[in-house]
Every structure is written in C-alpha cells, then in structure tokens.
Amino acid sequence: MSTELATSTTPAVKAGLGGGGRSGWGAGSIRPVLIILVLLLVAVGIRQPDFYDPPVLLAFLKRAAPLIILAAGQYFVIVAGDFDLSVGSLVTAEVVIAARLIDGDPAATWPVIALLLGFGLLIGLVNGVVTTLLQVPSFITTLGMYLVLVGAVYTWTGGSPRGALSEEFRMFGRRGIDGVPVLGQLPYAVLVLAGVAVLAVLAMRSDFGKVLLAVGDNPRAARLAGARTARIRTIAFLASGLAAAVAAILLGGFGGVSFQVGQGLEFTAITAVVLGGVVLGGGRGSVAGAMLGALTLQTLLTLLNLLGVSGALSSAVQGLIILAAVAVGTLRRRT
Amino acid sequence: MSTGTARSRLRLPQLDATNGVWAALAVALIVGGTLVALDGGSLFSESSTISLLQRAAGLGIVAVGQTIAILAGSLDLSVAYVISLTSLVAAETMAGSDGMVLPAILAVLAVSAAIGLVNGLLITKLRINAFIATLGVGLLIKGYLEQGYAGPAGSVPTSFQHLGYDRLGPVPLSFLLFAAVAAAVWFTLRGTRYGHHLIATGGDLDVARLSGVRTDRVLIRTHVICSLCAGIAGLYLASRLGAGAPRVGAEGGYDLESIAAVVLGGTVLAGGKGGVTGTVGGVLLLAVIDGVFNQLEVDSFFKQMVRGVVIVAAVAVYALRLRRTSDRRKAAVA
C-alpha cells in the first residue's frame, strides 16, 4: 500500500510541475515511445531510402494526421480518467452527414463544415453531461453513443451512404499550398495537424491542463481542492468530439464516403494514446506522448506495408507490438 | 462486504441495481407485448418465444463469463475473437464426422482456456491494463483469423447440430446450456472460496491482497473461466451455423454487447458489486427488445439506437439509486 501511494503521487507531482512528466522512464514519460519511433523510422528509411525526401515525408504526415488528431482528443478524455468509445462512429457519422448535405454542391461546403464541427461538439457535450451529471461510467455512456450513432446513420441513409462531397470539402484532405521552397507542396492536413498539436500542448500547459491532470489523478482530492470536476471532464469530451469532427473532415478528403471510414478508430486512438505512455485511468502522461504514440502506430503500419506483411497479419503484429510496448513500460515503472 | 450487502438489503425494499433489471424486463414484456398485440402479432407465441430464447443463449453464455471478469475488476475485449476462433476449431476438428465431436469439444475448451491463461498472465504478471491486454490478444487472434480464413471452414456433423436446433418443449437446448453455465458460475460465486475471493479482489485489489487473497491467481482463474464461456458460445454457434465462421464473433459485436448486458444487469463496471442473476436479466431484456422490434418489423438500425439509449438510461437510473442510498446512509451515520 505504501509503495502504491508513493508511485501514485510522485509522477503526478512531476506531471503537474513539468507540464506532463516528460523526464525518465516511468509511466507518463515519452522516452519509450520516442525510442520505438526512432527505431521504426530508421527501419522505414532503410527499406525505403527516399522516405526522408520532404514531399514523401509530408505525404506520410498527411496520412497520419487524422489518427494523431483523434489521439490528441482521446488524450484529454483518458487523462481525466474516462474513455471515449464513440469517436469511430462519430467520424463515420460526420463523413456520411457531410456527403448527404453537400451533395456535390460547392456552395454548401463552408456551412456544412461549421455544422460538422458543431455536431462534434454536441456529441461531446452529451457524452460529458451524461457521464458527469448522471454519473454513468464513460465506458457505458460512449458505448451507448456508439450504438446510437451507428444506428442513426444507417437509419437516416437507409443503409447506404448517399450524396457526394464537393471538391472544396476534399481540399483539406487532398491538396496543399503549392510552390513552397524545399518542401514542394505543403498539405493542408499537415497545417491542420500542426495547429491542433500547438493548441493541445498549450491547453495542457494552461491552468485547464493542470486541473485536468489533477482530476484524472484523484477526482476526490481535486474536487475538495476546488476544481469543478464535472465541467473539466465535460470540456475533455468536447475536445474529443471536436477532434473527431476535424479528423472526419480530413478523412473525407482522403477516401470515399462509406460506413467503414471510422470503423475501429476508437480502439486505434486509445491504443495510440496508451502507446504514448498515457495511463488508462487518468492522471499521468502528456499530450505530446499521445500524439507521438499515434505517429508511432502509423509508422508501424507503414513499415509493415513496406515489408509486404499482408493487411490481415498486420493486425496481429500490431497487437504484439502494443502488448510488448505497454509491458515494457509497466515493468520499467516497477523497477 | 457481506455485512454491507445485508444492510443495504434491509434498508432498501427489493429494488437495488441487480434486481432493477427484472423490473425493466417486466416493463419491456408488458409494453412490448401490448405493442405487438396491437400490431396484430403475439410476442408470446411459441415460435417467437423460441427465437427469443435462442437469441438470448449465445450472448448469454458469453455475458456470464464477462460478468465474473468485470466482477473481478477486469474486463475481456477478446471474447468476440475467441468465439470466432473456437467455432473454427470445433468445425475443423469435427470435419463432419460423429466420432470427432468429443475431441473437438475438448480442443475448443483447451484453446479457450489457453487464451484465458494468456490474458490473465498479461494482466497479473506483466501488469498490463486489462483493456489493453485483452484488446491486444484480440488483435492477435483477429490477425490469425484474417490471414488463415477467407470464409466459413470445416463442417459439423448432424449429431452436433442438435445442440443448436433441438428443444425440450418450448425451451431450446441452447437456452438450457446457457442456464447450466449461468447456474454453475452462480454457484461458484456463492458457494466457493474462489468466488468470495473474486468479489474481494474486484472490490479492492490492495485490500484483498493485504488480507491474504492471492489476487493474481484469482484474476488468472477468472480470465480462464471467462474465455471458457466464450469457447462454449463458439461451440454453440458452430452447431447453429453448421460450420466455423471467422467473423461471427466480431460481426455479432459480442465483446461490447456482453459488457452492455452485464452492466444492464446491475454489475458495477469498476468491479466488486453485482452478480450472474442480474446478467441473465440483462441478456433477456436485450433479447426481448430485439424480439419486439423484430415482430414490429422495425428497421434493425433503429433497434440499435434504442438499445444504446436503453443501456445508458438503465445505468443512469442505477447510478441515481446508488447515490440516493449512499446519501441516506451518510445521513444515518451523521
């Protein structure tokens, strides 16, 4: 018991002071994920020598952007001690809604994007309010939301997606600023990603971020210290909903409109966050780690692809790597 | 723990979270029965009762296993893939011959117990969070299934298909299997030392360990039993489908659905409180909702929405009750 107490207080203190506990090996540190990422990047570089040409690298970042953004959103929820299992279905819902409402009409693009962001916030708000005010465990709240969203999308479209996205809408996922020196084309997705990353890191360095970590580490203590825990946790869900909306806009640009766009993304995002050293149950880990976790996962998938591992087997390798990474992380913490 | 439940039972007449689900089931039967009757059908006709019980059986067997995992403060996200895998193990081992039924059953039990053992070891010895550990194991099995199988494989002899299709009066054999599994687990929880240790472990891991409970062993055993239940469900589905199906578990959503059924039954997701009887109620409630919507020929996607709302609403009501009782208890203490 006494050792438990010791391990549970020190990293939290460190996290509170250092803006996310970046030093050392323990839980919440980003060093393990950085090492894995570097190893994977070296391996990718050996396999595909032109990987580090700016355009190729940017294209890779573009593909990784939606998952990294989702992981950032999921991080806020997880570090506060909750889960958001609804993000995958929310991404699907957003893309299907966009296609149906835009229906190929370029003039509808901007209003629909505003609507999508609003819808993401709304779903986050419902998740947050049900979880905090009605005190339903977030696992159940967001599982229910997942069922509702999947059901609603299918019911609304009658079983197959309708409409089409406008070229203006797809611009965010597909195009970029041309003629940038050295880089060639700078994809919009990478700009959006950079914006989200900066905002997320700033948020975690603000008072909000510190209170969020405190709430996740010990909700009771945080409440007694005057934190408005319900409001803080709800804001975390809002962030996750908004991140899902942004990711959906990018994903809509990449591929076609289908019910499979967001399938399984909730688990991938949670995996990425945990890979980044964030502890399920809250209170430990940094948002930078979560985003690096997502980047690592994407690099792993790229490497498996380059090595010619079939898509089917890659989920097995993915499972193995995740188990190994998390196990190493926790063993390090004990010694 | 035991005095706590005894006291709450004295204070609260009848309705705590675990039997709240039976009230919900009664309401669903009355309202659903009336709606179906108004529509010109009958919810209680023999054929619809049979299909209702049959639907309950598969999910029920998995949910009973999930119940003890959740009671122990853990959870198992790999069950869906265990179901698919064991349905294939069963069908491929049998390969249509009657003589291979028993070896196939033994093989299924061995495979599922081994997976449960791996889950338990990952969680206790490597201290990986149960969510990630079972998700990772699930991904491993999923990769194996997708790599090795494109579609249904193996075949089940007619003698084994009796499990999926026969019935005693209006009660399908599969439902009896579900009842037997539930009863066995119920007895294990109530009547054995392991059962009491499990509740203690789920209630507070550190307190249990300091009181001398070998929590690691309890958790490993729990995950083995949970996987065995998923394996039994895989056997049932193989007999029902006549072959092994690599995607039957994931497509049926058995991982999240079983957790939903457990929580509907009043078992607390954090562990330590709840029981198998509540889960049986939760499974029946989901089956009745399914049955009513099928009879009314409501769109199956709409059904899913309603299911999501019902699950969240039920848990919200339980949480409200729990708060009221604890408030009352606090007031009594003060």
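The values are calculated or read from the model by the stated rules, or taken from the named source; none is laboratory data. Remember, predicted model here, so these are calculated numbers, not experimental data. Counting neighbours? That spans all protein chains shown, and the Cβs are built from the backbone with ideal geometry, glycine included.
Assorted remarks:
- Top-ranked residue in the range B:107-132 [being part of a helix (DSSP H, G or I) and facing chain A (nearest Cβ under 7 Å); ranked as nearest to A:Ser315 (Cα to Cα)]: B:Ile132
- Given (1) surrounded by 18 or more Cβ atoms within 10 Å (Cβ to Cβ); (2) within 30 Å of A:Ile78 (Cα to Cα), number of the condition B:Leu145 does not satisfy: (2)
- From the options A:Thr141, A:Thr131, residue that is assigned to a helix (DSSP H, G or I), touching a Pro at 6+ places or on another chain (Cβ under 9 Å) and within 14 Å of chain B (Cβ to nearest Cβ): A:Thr131
- Unique residue being under 28 Å from B:Ala57 (Cα atoms), of a type in the set (Gly, Ala, Ser) and in contact with a Gly (Cβ under 7 Å, 6 or more places away or on another chain) when the list is B:Gly191, B:Gly202, B:Gly195: B:Gly202
- Annotation note: of A:Ala225, A:Ala243, A:Ala236, A:Ala197, the sole residue that is of a type in the set (A, V, I, L, M), modelled with pLDDT of 90 or more, surrounded by fewer than 21 Cβ atoms within 10 Å (Cβ to Cβ) and closer than 25 Å to A:Leu133 by Cβ is A:Ala225.
- With respect to being under 20 Å from the mean Cα position of the chain (by Cα), of a type outside the set (S, T, N, Q) and away from chain B (no Cβ under 12 Å), A:Ile177 falls outside the description.
- Per the listing B:Gly234, B:Gly202, B:Gly151, B:Gly164, the residue uniquely of a type in the set (Gly, Ala, Ser) and not in a helix (DSSP H, G or I) is B:Gly151.
- In this structure, B:Gly252 does not qualify as out of contact with any His (no Cβ under 6 Å at 6 or more places or on another chain) and at pLDDT 90 or above.
- Matching option when the condition is buried (at least 22 other Cβ atoms within 10 Å of the Cβ), in contact with a helix residue (DSSP H, G or I) (Cβ under 9 Å, 6 or more places away or on another chain), touching a residue at least 12 places away in the same chain (Cβ under 8 Å) and not polar (S, T, N, Q), among A:Met204, A:Met171: A:Met204
- Of the numbered criteria (1) under 24 Å from A:Leu37 (Cα atoms); (2) more than 12 Å from chain B (Cβ to nearest Cβ); (3) modelled with pLDDT under 90, the one A:Val287 fails is (3).
- Taken over the range B:316-333, the criterion of being more than 9 Å from chain A (Cβ to nearest Cβ), out of contact with any helix residue (DSSP H, G or I) (no Cβ under 9 Å at 6 or more places or on another chain) and among the hydrophobic types (A, V, I, L, M, F, W, C) is satisfied by B:Ala331, B:Val333.
- Selected residue (criterion: modelled with the lowest pLDDT) from residues of the range A:142-168 that are buried (at least 21 other Cβ atoms within 10 Å of the Cβ) and out of contact with any Phe, Trp or Tyr (no Cβ under 9 Å at 6 or more places or on another chain): A:Leu165
Quick grid of which residues meet (1) crowded, with 24+ Cβ neighbours inside 10 Å; (2) within 11 Å of chain A (Cβ to nearest Cβ); (3) touching a strand residue (DSSP E or B) at 6+ places or on another chain (Cβ under 7 Å):
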| position | (1), (2), (3) |
| --- | --- |
| B:Val262 | yes, yes, no |
| B:Leu269 | no, yes, no |
| B:Lys273 | no, no, no |
| B:Ile289 | no, no, no |
| B:Gln304 | no, yes, no |
| B:Arg307 | no, yes, no |
| B:Ala314 | yes, yes, no |
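- In the range B:55-82, the residues that are farther than 19 Å from A:Ile140 by Cβ reach residues that are of a type in the set (Asp, Glu) and assigned to a helix (DSSP H, G or I) with C-beta atoms within less than 7 angstrom, at least six apart or across chains, in these pairs: B:Arg55/B:Asp290.
- Pairs, first without any contact (Cβ under 8 Å) to a residue 40 or more places away in the chain and at negative phi in the range B:154-177, second among the hydroxyl-bearing types (Ser, Thr, Tyr) and surrounded by fewer than 16 Cβ atoms within 10 Å (Cβ to Cβ), C-beta under 9 Å, six or more apart: B:Leu173/B:Tyr165
- Those helices (runs of 4 or more DSSP H) of the range A:1-82 in which at least 1 residues are within 24 Å of the chain's Cα centre (by Cα) and at pLDDT 90 or above, considering only elements entirely within it, cover A:31-47, A:54-79.
- Extreme residue, nearest to A:Glu266 (Cα to Cα), among residues of the range A:231-254 that are β-branched (Val, Ile, Thr) and under 16 Å from the mean Cα position of the chain (by Cα): A:Val246
- All of A:Leu199, A:Leu186, A:Leu149 fail the test of being closer than 20 Å to A:Pro66 by Cα, of a type outside the set (Ser, Thr, Tyr) and within 14 Å of chain B (Cβ to nearest Cβ), apart from A:Leu149.
- Here A:Leu307 fulfils each of the conditions (1) at pLDDT 85 or above; (2) surrounded by fewer than 24 Cβ atoms within 10 Å (Cβ to Cβ); (3) closer than 20 Å to B:Leu145 by Cβ apart from (3).
- Filtering the range B:90-117 to residues that are within 21 Å of the chain's Cα centre (by Cα) and of a type in the set (A, V, I, L, M) leaves B:Ala90, B:Ile105, B:Val108, B:Leu109, B:Ala110, B:Val111, B:Ala113, B:Ala114, B:Ile115, B:Leu117.
- Among all residues of the range A:45-54, there is none that is crowded, with 16+ Cβ neighbours inside 10 Å and of a type in the set (Val, Ile, Thr).
- Meets criteria (surrounded by fewer than 24 Cβ atoms within 10 Å (Cβ to Cβ), of a type outside the set (A, V, I, L, M, F, W, C), more than 14 Å from chain A (Cβ to nearest Cβ) and not in a helix (DSSP H, G or I)) for B:Gly96: yes
- Restricting attention to the range B:234-260, the residues that are away from chain A (no Cβ under 14 Å) and among the hydroxyl-bearing types (Ser, Thr, Tyr) total 2.
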